[in-house]
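J.: Below: one structure in structure tokens.
The values are calculated or read from the model by the stated rules, or taken from the named source; none is laboratory data. Given the structure is predicted, the values throughout are model-derived calculations rather than measurements. FYI the Cβ positions are ideal-geometry reconstructions off the backbone, even for glycines, and counts take in every protein chain you see.
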Amino acid sequence: MSALPPPIEEWLAFLGSQRRYSAHTQSSYRRDLTLLCECMAGRPLEQVAEGHVRQAVARLHAAGHQARSLARMLSAWRGFYAWWAPRAGLPVNPVAGIRAPRAARTLPKALSVDQAQSLLDRSALPPPANAVEWRDQAMFEVLYSSGLRLAELVSLDHRHTRNARHESESWIDLDAGEAIVRGKGGKTRSVPLGGKAVDALREWLKHRNELERQPSAGADAEAALFLGARGGRISPRVVQKQLAALALRAGLPVHVHPHSLRHSFASHMLQSAQDLRAVQELLGHANISTTQIYTRLDFQHLASVYDQAHPRAQRKPE
């Protein structure tokens, strides 16, 4: 990917070194800011005005860019100018007042309780028999037990480590039954690990050294909780592939993504506890409106029960 104007490169470096944003997030921001430069067609960054940004958004929308991708893109542009405008002596942030077209709010795909139990209990499969299978069992138990994002899962260390070579950002404490996680925006939270997750993690840690670590993997691999086949910290893509394969082998009728287990955690917690604020804290949502989408999932569950149980419901399925 080609170099961007120096102010943008400085901001991306700042996000990595000072804000501790993940490499994945920095890469996304780089793509979005590359698009900004392309849309401005050579116009210097300090000469970009609100009208130019509105025209760019309109053109991108007409070209087929979806509302969610435009919102993410504008967030990157807005963040850059919020940082750079004061340093460059610009009077305003040209992106400050611009919002993406409203996106349709879709429901996340969650497994039913029975589907989640069947997947994690391996009801149609033999129990784990090797290091990779125990690793996978532990990963998926943690995802469902704690509602972690995929990036948060792979960032976990097997214990807190702080030395000249490595300092943990996220780790597990099995004695306390919790994970300490650095999530979006560098915010740290503690989430509980359920009994099944703790048991699976203890079993995985017995087998962890069976995945040979390459010398080049370094201190990060030594600290990582979950390892790939070559002994380095596991990649998000491997987690996705392993979960999809397990769901297929288990006979589930739907494709299962790691985020499906996060959605399942949230919706099942709401069905049982009805405590939106608690679920917001567990998921690490900055805004409760993000969590409120799960109340619609819960309403679907309640409506189904009503239709089946109430003697005068008499509602036909659509």
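J.: So, in segment 201-223, exactly how many residues are under 28 Å from Ser118 (Cα atoms) and modelled with pLDDT of 90 or more?
T.: Selection size over segment 201-223: 8.
J.: Ala138 - would you say it is assigned to a strand (DSSP E or B) and under 30 Å from Gly218 (Cα atoms)?
T.: no
Here is a yes/no grid of residues against (1) of a type in the set (Ser, Thr, Tyr); (2) within 17 Å of the chain's Cα centre (by Cα); (3) at pLDDT below 95:
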site	(1), (2), (3)
Arg105	no, no, yes
Asp114	no, no, yes
Arg122	no, no, yes
Pro127	no, no, yes
Ala131	no, no, yes
Met139	no, yes, no
Leu143	no, yes, yes
Leu156	no, yes, no
Arg159	no, no, yes
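J.: Still on this structure: Can you report the number of residues in segment 30-45 which are free of Cβ contacts under 8 Å to residues at least 40 places away in the same chain and closer than 13 Å to Ala3 by Cα?
T.: Qualifying residue count, segment 30-45: 6.
J.: Looking at the structure I just gave you, is Ala58 part of a helix (DSSP H, G or I), closer than 17 Å to Cys37 by Cβ, among the hydrophobic types (A, V, I, L, M, F, W, C) and free of Cβ contacts under 8 Å to residues at least 12 places away in the same chain?
T.: Criteria not met by Ala58.
J.: Under the condition of being surrounded by fewer than 13 Cβ atoms within 10 Å (Cβ to Cβ) and of a type in the set (A, V, I, L, M), which residue from segment 45-72 is nearest to Ile8 (Cα to Cα)?
T.: Looking at residues that are surrounded by fewer than 13 Cβ atoms within 10 Å (Cβ to Cβ) and of a type in the set (A, V, I, L, M), I get Ala49.
J.: Test of understanding: among Ser75, Ser118, Ser123, which residue is in the same structural domain as Thr25 (by TED's automatic domain parsing) and surrounded by fewer than 20 Cβ atoms within 10 Å (Cβ to Cβ)?
T.: After applying the criteria, what remains is Ser75.
J.: Okay, moving on. Pairs please, first residue from segment 184-212 and among the β-branched types (Val, Ile, Thr), second anywhere and surrounded by 13 or more Cβ atoms within 10 Å (Cβ to Cβ) and assigned to a helix (DSSP H, G or I), Cβ atoms under 7 Å, 6+ apart in sequence or on different chains.
T.: Close Cβ pairs satisfying both conditions: Val191/Ser146; Val191/Leu282.
J.: Let me ask something else about it. Can you tell me which of Ala23, Ala100, Ala88 is in contact with a helix residue (DSSP H, G or I) (Cβ under 8 Å, 6 or more places away or on another chain), exposed (fewer than 15 other Cβ atoms within 10 Å of the Cβ) and touching a residue at least 24 places away in the same chain (Cβ under 8 Å)?
T.: Among Ala23, Ala100, Ala88, only Ala88 is in contact with a helix residue (DSSP H, G or I) (Cβ under 8 Å, 6 or more places away or on another chain), exposed (fewer than 15 other Cβ atoms within 10 Å of the Cβ) and touching a residue at least 24 places away in the same chain (Cβ under 8 Å).
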